[in-house]
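Report on the structure given below.
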Amino acid sequence: MIQHLKAASNEQCLNEGAIEVKKIDNKIYEAELHRLQEELIKLQEWVKHTGMKVVVIFEGRDAAGKGGVIKRITEYLNPRGCRVVALGTPTEREKTQWYFQRYVPHLPAAGEIVLFDRSWYNRAGVERVMGFCTDEEYWEFMRTCPEFERMLIRSGIVLIKYWFSVSDEEQERRFQSRLKETKKRWKLSPMDLESRDKWMEYSRAKDEMFAHTDTKQSPWYVVDSDIKKHARLNCIRHLLDTIPYEDLTPEPIKLSKRKSGGSYVRPPITDQSFVPQIYDHKFGKKKSD
């Protein structure tokens, strides 16, 4: 574990929460994010080298910022060893299966990191609030979920659970932003709009979920996400601090002089179909391969 990435103590966090928080400067944010992303690359190398199996769960209200931090975590990682799981609504067949069954195939093999953008906790949240499960199914989940997670941990999986906490005012602001920006409108589903009027119901569901699944073996870590950039940095730094790792960055490779193509004669370039070079006049033309 890299010593300078030690997270702040609980007392420090509480003290910081008591004062007005100033938003981080963009240049500082970008520099710190880049540094943390370099550490994530080292973490992935360590996971691959040791055969570690890592599952990170991201839960929280709609527009809490889960997707944003997942995007920054995976930006420079090797997709062969790190993947995101974001399952849709269960099929009719899946509804008849053991509840956890559709999540099991997505669990990591040795050397892999899997990030769940929402997870089996759908049953404790949206399914409970929107009436997509029965009371019996809900309480069976609450009873068996800690057992399921202990089983994963005993099998050698490192399980980390994050809850992204956003205020109702900030969530509403983000909803309005999504309505205004065409690029973000897809993020606002009919279910999001229906859930918008059920703030207290979701609060109750979250509190009940924590009461039953915030265990010593598999605790919840709450990320204050009212300021997106702070949430991203805090979450990534905590993730790096939670999983012990060492720097296995390989030494730089010295490239030898490139060999010539020999006597091979390539076919005429005019035989190929090219994408129209619409932007050449703006950015200049580069030599084709």
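The values are calculated or read from the model by the stated rules, or taken from the named source; none is laboratory data. This is a predicted model, so every value here is computed, not measured. Cβ atoms come from the backbone with ideal geometry, glycine included; neighbour counts cover every protein chain shown.
Any chance region 141-158 includes a residue that's surrounded by fewer than 18 Cβ atoms within 10 Å (Cβ to Cβ), part of a loop (DSSP other than H, G, I, E, B) and touching a helix residue (DSSP H, G or I) at 6+ places or on another chain (Cβ under 8 Å)?
No: region 141-158 contains no residue that is surrounded by fewer than 18 Cβ atoms within 10 Å (Cβ to Cβ), part of a loop (DSSP other than H, G, I, E, B) and touching a helix residue (DSSP H, G or I) at 6+ places or on another chain (Cβ under 8 Å).
Please work out which residue is farthest from ILE153 (Cα to Cα), limiting yourself to region 93-135 and to residues that are free of Cβ contacts under 8 Å to residues at least 12 places away in the same chain and outside any helix (DSSP H, G or I). Working first, answer last.
If we filter region 93-135 for residues that are free of Cβ contacts under 8 Å to residues at least 12 places away in the same chain, which is where we start, we get 93-98, 101, 104-105, 122, 127, 131-135.
Adding the requirement that they be outside any helix (DSSP H, G or I) leaves 96-98, 131-134.
Numbers: THR96: 26, GLN97: 23, TRP98: 19, GLY131: 30, PHE132: 29, CYS133: 27, THR134: 28 Å.
If we take residues in region 93-135 being free of Cβ contacts under 8 Å to residues at least 12 places away in the same chain and outside any helix (DSSP H, G or I), then GLY131 is farthest from ILE153 (Cα to Cα).
Of the residues LEU179, LEU193, only one is over 19 Å from the mean Cα position of the chain (by Cα), surrounded by 10 or more Cβ atoms within 10 Å (Cβ to Cβ), more than 21 Å from THR89 (Cα to Cα) and not basic (Lys, Arg); which?
Among LEU179, LEU193, only LEU179 is over 19 Å from the mean Cα position of the chain (by Cα), surrounded by 10 or more Cβ atoms within 10 Å (Cβ to Cβ), more than 21 Å from THR89 (Cα to Cα) and not basic (Lys, Arg).
Within region 136-169, count every residue that is within 25 Å of ILE236 (Cβ to Cβ) and touching a residue at least 60 places away in the same chain (Cβ under 8 Å).
The total comes to 14.
Take PHE164 and tell me if it is within 18 Å of the chain's Cα centre (by Cα), among the aromatic types (Phe, Trp, Tyr) and buried (at least 17 other Cβ atoms within 10 Å of the Cβ).
When the stated conditions are applied, PHE164 passes them.
Of the residues GLN277, GLN217, which single one is at pLDDT 95 or above and not charged (D, E, K, R)?
Numbers: GLN277 fails: at pLDDT 95 or above.
One residue alone meets the criteria, GLN217.
Filter region 235-258 for residues that are under 24 Å from ILE28 (Cβ atoms) and out of contact with any helix residue (DSSP H, G or I) (no Cβ under 9 Å at 6 or more places or on another chain); which is surrounded by the most Cβ atoms within 10 Å (Cβ to Cβ)?
HIS238
Select from region 88-106 the residues that are out of contact with any helix residue (DSSP H, G or I) (no Cβ under 7 Å at 6 or more places or on another chain) and either surrounded by 14 or more Cβ atoms within 10 Å (Cβ to Cβ) or not hydroxyl-bearing (Ser, Thr, Tyr) (or both) and list them in ascending order.
Step one: filter region 88-106 for residues out of contact with any helix residue (DSSP H, G or I) (no Cβ under 7 Å at 6 or more places or on another chain), giving 88-89, 91-93, 95-98, 101, 104-106.
Correct list: GLY88, GLU92, ARG93, LYS95, GLN97, TRP98, GLN101, VAL104, PRO105, HIS106.
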